[in-house]
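The values are calculated or read from the model by the stated rules, or taken from the named source; none is laboratory data. Note that the coordinates shown come from a computational prediction; the quantities given were computed from them, not determined experimentally. Here the Cβ positions follow ideal geometry from the backbone for every residue, glycine too, while neighbour counts run over all protein chains shown. These accessible areas exclude ligands, DNA and RNA; they are computed on the full protein's heavy atoms, side chains included. Shrake-Rupley method; radii C 1.70, N 1.55, O 1.52, S 1.80 Å.
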Amino acid sequence: MTTSTRFDTALESAWLEFRTGLADLLVDVAVDEEVVVRRSYDATDPWAPLLSFVTTGARRVRCTVLRADLSDDQIAVLSGDGWRRLRDGRLIIEFGRRRVDEICAAATDVLREVSGVLHPTFLAPFDSDTAAHTAMLISLRREPVTAATASAAHPVTDTEHLQELLLDTLAAHADDAFVDADGDIRVQMGTQTIQLRVHPSRPVVEFIACVAAVCVDDRTVNEIVVAEGVRWTGVAVHVLDGHVWATQRLVVPTFVSANVIAAVESWRDFLRDGAPAITARIADAAEPMAARRNREPTPDHVERLLDTLTALTTLGTPLPAEGVARICDDNAVVARRCLITGARRLLAIGSAKRHAADTGDVIAADSLERNRQVCRTMLMSVSGAVDLLRERDAHAAPGHSRNTGGTAR
């Protein structure tokens, strides 16, 4: 089972547990009672009400959407799913008590698809009493996280609390977990050491690893970082202080140990497969630039150069010709190959954009148009580098024609 599959399975299980708990609660709600689903205490809009549940005089359970900023498209979708709009603009749905599971399923869809709640842990307890919620947070700090509470939600109060929860969870799944002299958490799993760092003021955990020492030119490092970094969702690869570092961030406003373990497994997958690949590519590239200039560019090499140039390009602002020339190994042949291959990319993007527009996919068409503009700007940069390298070759070999455009082979 892959990491993404494990995460999806855990997510669906959490929502199923939420629906079951909500259904159990609604079955016993009296006519004069109300259950309100809110965002969690740690959310951007704390305690924002999302849904309200009441039992009507006809002994039916009614759910009301409390958000007033719904778009016309969202209202149309909800209406198609059985929601009904009242004269005051509110959207409601009703079922008999025997069908309480159906109203919970409809409410869950609204929370996930309309309100954008990723996980039930981002919802506050059904008791909206702030004082009671605060007391619950304090009591949670005295309860260690065990295997039996792997799916339990623990709202995080501060950095120290988050570190305690991490150590409790990691100690139960590793050979050793401790805080080092720098304040970082180190986890030993067999022969593998994992380093984590808790942000000093935000509920954020960062996995850190030094992948390699930089032993090649900047262009090659950028090429490798861009090419390898995009293959690992959630992992950022960057250069700092002469080394290549990889990081993975996990935002934890509400602590669920199962989510932390899933993140650890994802990070271990990267350390096992991704990090060695980056290290190997840097080692393979550690050769003199003079040798690189005389190397015939392969199609894959040209594609990687174009990926690097595209990543560095800002819309409407061509890159300096000198910088692009260095990225292209100071070789006019390589730069021309990039220009030709990039032109094919531009045509392909334009064709895809026209197809998206013809089929009515406005969002895809707009995205492709932006990609087309970036590609166009990037090709302007490459064209400037080609001209610059041609002039250099002409000055270096005045007996040759200016149209040869390449180094001797």
Filtering region 53-104 down to residues that are closer than 16 Å to V29 by Cα, β-branched (V, I, T) and open to solvent by less than 20 Å² (accessible area, probe 1.4 Å) yields T55, V61, T64, V100, I103
The condition from (1) open to solvent by less than 40 Å² (accessible area, probe 1.4 Å); (2) assigned to a helix (DSSP H, G or I) that A357 misses is numbered (1)
Determine, yes or no, whether V37 is modelled with pLDDT of 80 or more and under 30 Å from the mean Cα position of the chain (by Cα). yes
With the first residue restricted to region 345-365 and required to be more than 20 Å from D307 (Cβ to Cβ), and the second required to be open to solvent by less than 70 Å² (accessible area, probe 1.4 Å) and among the basic types (K, R), Cβ contacts under 9 Å at 6 or more apart or on different chains are A364/K353; A365/K353
For helices (runs of 4 or more DSSP H) lying entirely in region 272-333, having 3 or more residues that are modelled with pLDDT of 70 or more picks out 275-285, 299-312, 321-327
Q) Quick one: would you say E228 is buried (at least 16 other Cβ atoms within 10 Å of the Cβ), among the acidic types (D, E) and modelled with pLDDT under 75? A) yes
Every listed condition ((1) at negative phi; (2) open to solvent by less than 70 Å² (accessible area, probe 1.4 Å); (3) modelled with pLDDT of 75 or more) holds for G116 save (1)
Scanning region 156-207 for residues that are open to solvent by 30 Å² or more (accessible area, probe 1.4 Å), in a loop (DSSP other than H, G, I, E, B) and among the aliphatic types (A, V, I, L, M) gives A181
With the first residue restricted to region 87-115 and required to be under 13 Å from L51 (Cβ atoms), and the second required to be of a type in the set (F, W, Y) and open to solvent by less than 10 Å² (accessible area, probe 1.4 Å), Cβ contacts under 7 Å at 6 or more apart or on different chains are T108/W15
